[in-house]
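What follows is a single structure, written as structure tokens, with notes after it.
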Amino acid sequence: MVIQGCRKLLGSVLTSKWSVRGGPRLSPALWVPLRHCNISACSYKLRNVDLHPLWKGQLDIPGGTRQSPIDIRVRDSIFHPDLSPVKTHYDPNTCLHIWNNGYAFLVEFDDCTDKSVVSGGPLENPYRLKQFHFHWGINNDWGSEHTVDSKVYPAELHLVHWNCTKYQTFEEAIMEENGLAVIGIFLKLGKHHEKLQKLVDILPSVRYKDSLTEFNYFDPSCLLPSCSDYWTYAGSLTTPPLTESVTWMIMKKPVEVDHSQLAVFRSLLFSAVGEEENYMVDNFRPLQPLMNRTVHSSFQPALQVSDVKKKSDKQIQQAG
Ligand SMILES: [Zn+2]
């Protein structure tokens, strides 16, 4: 699709000063090739752009076979009848603060106890909520990390949890097998999101890199879609150290936010006080190859019109 072409182009050329260009520094197997896009919205000029500082240095995962994000191909996903719904239980009292780390804003939680956890789905035991954050684009045409049949959303929320049964700390879990469980939720343009607004209202206080503000009593389950259908696959962190420790659970239905809410996301800065101002936009990693992985779904995929036709043709043939 054309948008996919844009997305691949975005792997190399972006409009912000600090583009998130994971591609050229990755091994050839992980690099998403440049493809030209011929729609007018994609009229980027090829130019040298600085990498965001996050993506400088050693980013290679030699021999990486389960990198994220990916394009979820709905017809290739396999329904897994044993997948139960993902259960979140979050105590709003564990919400601590919000801070701008120079790449995104993070809402962090007290993870010393099991008061805020996710369980169920593909997970063998509860995982503790550590933080949540978003990825978004400079405009509404892109911004999500995962895509669904090449469809890109303007933003994506990640709720990051760690396996407190297997590991002692979040830092340890990041580096290990079955260490993390991340719920991914797409944001699409639509109605004003009442509950998100509490977060949006505090964002101007963390406009600059390294700023931190107290942010209490927030239950992120209000950001989950009402439909519990999801896809799950084995993947990686989408920011350095890119470790392959993540069980992804990507919710099928997006949640709606309005333009003014995304506009506040885009008013944040990658830069610290006193530095040249660079807007915090396009903070997503390019798509990575699926390689030898299967995406499972918790739901029976709806039949496409073309499938229904094939099926009825077959029935007619059998009847004849
Ligand atoms: Zn993320």
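No lab work stands behind these numbers, since they all come straight from the coordinates. The structure presented is a predicted model; accordingly, all values stated were derived computationally and were not measured. Positions of Cβ are generated from backbone atoms using ideal geometry, with glycine treated the same way; all protein chains shown enter the neighbour counts.
From the set of residues in segment 73-90 that are farther than 15 Å from residue 125 by Cα and of a type outside the set (A, V, I, L, M, F, W, C), which is surrounded by the most Cβ atoms within 10 Å (Cβ to Cβ)? Residue satisfying both the conditions and the ranking: 90. If you go through segment 133-163 and pick out every residue that is surrounded by 20 or more Cβ atoms within 10 Å (Cβ to Cβ) and more than 9 Å from the ligand (Cβ to nearest atom), you end up with 15.
Just to be sure, is residue 96 under 23 Å from residue 238 (Cα atoms) and in contact with a strand residue (DSSP E or B) (Cβ under 6 Å, 6 or more places away or on another chain)? No: the conditions fail for residue 96.
Here the strands (runs of 3 or more DSSP E) wholly within segment 168-235 that include at least 1 residues being buried (at least 19 other Cβ atoms within 10 Å of the Cβ) and hydrophobic (A, V, I, L, M, F, W, C) are 180-189, 230-235.
The residue that is surrounded by the most Cβ atoms within 10 Å (Cβ to Cβ), counting only those in segment 238-260 that are in a loop (DSSP other than H, G, I, E, B), within 14 Å of the chain's Cα centre (by Cα) and away from the ligand (no atom under 14 Å from the Cβ), is 254.
Residues in segment 165-200 that are in contact (Cβ under 8 Å) with a residue 60 or more places away in the chain and polar (S, T, N, Q): 178, 197.
The lone criterion from (1) within 30 Å of residue 175 (Cβ to Cβ); (2) over 18 Å from the mean Cα position of the chain (by Cα); (3) assigned to a helix (DSSP H, G or I) left unmet by residue 263 is number (1). Exactly one residue out of 82, 111 is under 13 Å from residue 159 (Cβ atoms), assigned to a loop (DSSP other than H, G, I, E, B) and more than 15 Å from the ligand (Cβ to nearest atom): that is 111.
Among the candidates 151, 191, the residue that is closer than 30 Å to residue 77 by Cβ and over 19 Å from the mean Cα position of the chain (by Cα) is uniquely 191.
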